[in-house]
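Engineer: The following block contains the structure, expressed as structure tokens.
The values are calculated or read from the model by the stated rules, or taken from the named source; none is laboratory data. The structure presented is a predicted model; accordingly, all values stated were derived computationally and were not measured. So basically every Cβ, Gly included, is an ideal-geometry build from the backbone, and we count neighbours across all protein chains shown. Please note that ligands, DNA and RNA were not included when accessible areas were found on the heavy atoms of the full protein model with its side chains. Shrake-Rupley method; radii C 1.70, N 1.55, O 1.52, S 1.80 Å.
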Amino acid sequence: MTFGSGDFRYEVIKGWGDLPPGYKLFQVAGVAVDAADRVFAYNRSDHKLIVFNRDGSFVKAWKNTTSVPHGMRIGPDGNIYLVDQASHVVLKYSPDEELLLTLGNRNQPSDTGYGEHKVVKRAAGPFNNPTGGAVNEAGEIFISDGYGNCRVHKYSPQGELLKSWGVPGTEGPGEFLLPHGIDLDKQGRLLVADRENHRIQLFTQDGEHLDTWTGFRQPCSITVGPDGTVYVPELGSRMSILDSDGNVLARWGGEESKAAGEFIAPHGAAVDSRGDLYVGEVLEGSRLQKFARV
């Protein structure tokens, strides 16, 4: 059985991903692929960052101490950026697990009025339950923030906050209702998954609004592939693949299912050098599926 359509058709690799005894994947929130096509599963089990070869063989589990994993990104320089939602920090690591930079203040959320009723009352500085990250060729870092805020933050490579933008809202450009993921496309535009507004907003790297793409079901994260194709897992149990203008190239799912190749709450996605797709699921899904391009 194949999934997708047109030039983006896939076969699911059942049972992909070998784990040692005592290891498991639970709520795979973030997924990334490095230059060697190793697959990183940032998940909420006891082993929060697990690395596989592209054939599914186990490489290692990191010894990082993140609290609640959310998004992750591997930068152009090969460094790994981990968003720790519950601790309100973003951690930059070298490939050999050396902590290079911490953004935010651990366990100190910014004052947005976010509390018992889970409503962001006002925009504030970094971070309050951040969600995702992106890195440009110059090493500047962009963070979507998040469950308890409604902003995008831009940092220098050294960790200096350069700019923030966004306000709470449901309609206008630059208004967010849970900015849940972010990436840079080949044109240098920032694509932000405005999850609870069911849209993707596009900005310059200095925060100027450029465009809005609609028609999604809670877009969770955004991954731009090597050829500029845009991959969007949607919490509404659907995977969408778009061109650089936001046109749908392939889409499947839409009903919760544990069947291989279908989804429950897809949350993160990554693509390797051969075009194979890896999709992580949270909630009752809690798995990482590989889709081989055919």
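Engineer: Scanning segment 92-104 for residues that are part of a loop (DSSP other than H, G, I, E, B) and charged (D, E, K, R), which turns out farthest from Ala270 (Cα to Cα)?
Structural biologist: Only one residue tops the list, namely Glu98.
Engineer: Considering only segment 2-11, I want to know if a residue exists there that is out of contact with any Cys (no Cβ under 9 Å at 6 or more places or on another chain), free of Cβ contacts under 8 Å to residues at least 40 places away in the same chain, among the hydroxyl-bearing types (Ser, Thr, Tyr) and open to solvent by 30 Å² or more (accessible area, probe 1.4 Å).
Structural biologist: No: zero hits.
Engineer: With the requirement that a residue be open to solvent by 70 Å² or more (accessible area, probe 1.4 Å) and within 23 Å of Thr170 (Cα to Cα), what does segment 110-145 give you?
Structural biologist: Matches in segment 110-145: Asp111, Glu116, His117, Lys118, Val119, Lys121, Arg122.
Engineer: Among the residues of segment 86-104 satisfying the criterion of being surrounded by fewer than 22 Cβ atoms within 10 Å (Cβ to Cβ) and among the polar types (S, T, N, Q), which is nearest to Gly148 (Cα to Cα)?
Structural biologist: Thr102
Engineer: Do you know which residues across segment 236-273 are in a loop (DSSP other than H, G, I, E, B) and at positive phi?
Structural biologist: Hits for segment 236-273 are Ser237, Gly246, Gly254, Gly261, Ala265.
Engineer: Scan segment 44-65 for residues that are surrounded by 14 or more Cβ atoms within 10 Å (Cβ to Cβ) and farther than 19 Å from Phe291 by Cα and report the count.
Structural biologist: Residues flagged as surrounded by 14 or more Cβ atoms within 10 Å (Cβ to Cβ) and farther than 19 Å from Phe291 by Cα within segment 44-65 amount to 8.
Engineer: Of (1) at negative phi; (2) open to solvent by 60 Å² or more (accessible area, probe 1.4 Å); (3) assigned to a loop (DSSP other than H, G, I, E, B); (4) not hydroxyl-bearing (Ser, Thr, Tyr), Asn107 satisfies all except one. Which?
Structural biologist: (1)
Engineer: Go through the residues of segment 20-27 one by one and say whether even a single one is closer than 29 Å to Val248 by Cα, of a type in the set (S, T, N, Q), open to solvent by less than 40 Å² (accessible area, probe 1.4 Å) and in a loop (DSSP other than H, G, I, E, B).
Structural biologist: yes
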